[in-house]
1. Which one is nearest to Q181 (Cα to Cα), of the residues in the stretch 78-113 that are touching a helix residue (DSSP H, G or I) at 6+ places or on another chain (Cβ under 6 Å) and in a strand (DSSP E or B)?
2. When the residues of the stretch 1-11 are narrowed to those that are assigned to a loop (DSSP other than H, G, I, E, B) and open to solvent by 30 Å² or more (accessible area, probe 1.4 Å), which ends up nearest to N139 (Cα to Cα)?
3. Mind listing whichever residues of the stretch 12-27 are assigned to a loop (DSSP other than H, G, I, E, B) and surrounded by 12 or more Cβ atoms within 10 Å (Cβ to Cβ)?
4. Among all residue pairs at least 6 apart or on different chains, which show Cβ distances below 7 Å where the first residue, located in the stretch 119-142, is of a type in the set (K, R) and the second is open to solvent by 20 Å² or more (accessible area, probe 1.4 Å)?
5. For the stretch 77-119, how many residues are open to solvent by less than 20 Å² (accessible area, probe 1.4 Å) and farther than 16 Å from R53 by Cβ?
6. So K73 clears everything in (1) free of Cβ contacts under 8 Å to residues at least 24 places away in the same chain; (2) under 21 Å from I29 (Cβ atoms) except one condition, right? Which one?
7. Any residue at all in the stretch 55-64 that is open to solvent by 10 Å² or more (accessible area, probe 1.4 Å), in contact (Cβ under 8 Å) with a residue 40 or more places away in the chain and within 12 Å of the chain's Cα centre (by Cα)?
8. How about the stretch 185-202: which of its residues are open to solvent by 50 Å² or more (accessible area, probe 1.4 Å), part of a helix (DSSP H, G or I) and under 20 Å from Y68 (Cα atoms)?
Amino acid sequence: MFKELKKGIKELKGYTPDAVRTPILQSLIDYIQEKRDEDEPINLNFVCTHNSRRSHLSQIWAQTLAAYFDIPKVACYSGGTEATALFPKVLDTLEGAGFRISKLSEGGNPVYAIKYGDNSLPIIGFSKTYDHAFNPESNFAAIMTCGHADENCPYIPGAEKRIPMTFDDPKAFDGTNLQSQKYMERSLEIAAQLYYVFSKVV
């Protein structure tokens, strides 16, 4: 794992969820633990409205933290109720945290390879719907990362479990002087909660 990224991950250790968040995170811990106990694949699909910000941050941090805690058979995905494009500020934020990113295609919805280590398998990032062929059809947990998608998409076909792990949208700060700060805050909030989740899996 890249040195700068690993250093930042170590700093996430102090997070403790409040009374509202604890049962939500425990639901995800239980899903991962059950799959690991049965030696089954652990498929996590992070769902948002546009698959442009929070769902990608969640997917990338989850895959990275699974590797950090050496939890095998974890495959993380993301999708939206509609497809748009991975927002460039998300990529800038991830690079600031220590990820290395390569652009694989051009166009209105570019594809990116996101790496957390020299020898790690790249995480593929592009906007897609949650039921896109790139994502699993069944045997996965759907983690709803935004309230709008959670409210407007009550049923995710193929999901074994649905977890409403929502976050505020950093999009509210686009075009302001606080944009970089708020995107990094949201990224670290997501990372800290997923650190907590994977640290509890045995």
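1. I101
2. Taking the stretch 1-11 as the starting set, the residues that turn out to be assigned to a loop (DSSP other than H, G, I, E, B) are 1-2, 11.
Imposing the further condition that a residue be open to solvent by 30 Å² or more (accessible area, probe 1.4 Å) reduces the set to 1, 11.
Working: M1: 29, E11: 33 Å.
It comes out as M1.
3. Quick first cut of the stretch 12-27, residues assigned to a loop (DSSP other than H, G, I, E, B) only: 12-20.
Within the stretch 12-27, L12, Y15, P17 meet the criteria.
4. K128/A83; K128/F134
5. 3
6. (1)
7. Quick first cut of the stretch 55-64, residues open to solvent by 10 Å² or more (accessible area, probe 1.4 Å) only: 63.
Filter once more, keeping what is in contact (Cβ under 8 Å) with a residue 40 or more places away in the chain: 63.
Narrowing the set further to residues that are within 12 Å of the chain's Cα centre (by Cα) leaves 63.
Yes - at least one qualifying residue is present in the stretch 55-64.
8. L188, E189
The values are calculated or read from the model by the stated rules, or taken from the named source; none is laboratory data. Given the structure is predicted, the values throughout are model-derived calculations rather than measurements. As a convention, Cβ positions derive from the backbone with ideal geometry for all residues, glycine included, and neighbour counts pool all protein chains shown. Just so you know, the surface numbers come from the protein's heavy atoms only, side chains and all, with ligands and any DNA or RNA stripped out. Shrake-Rupley method; radii C 1.70, N 1.55, O 1.52, S 1.80 Å.
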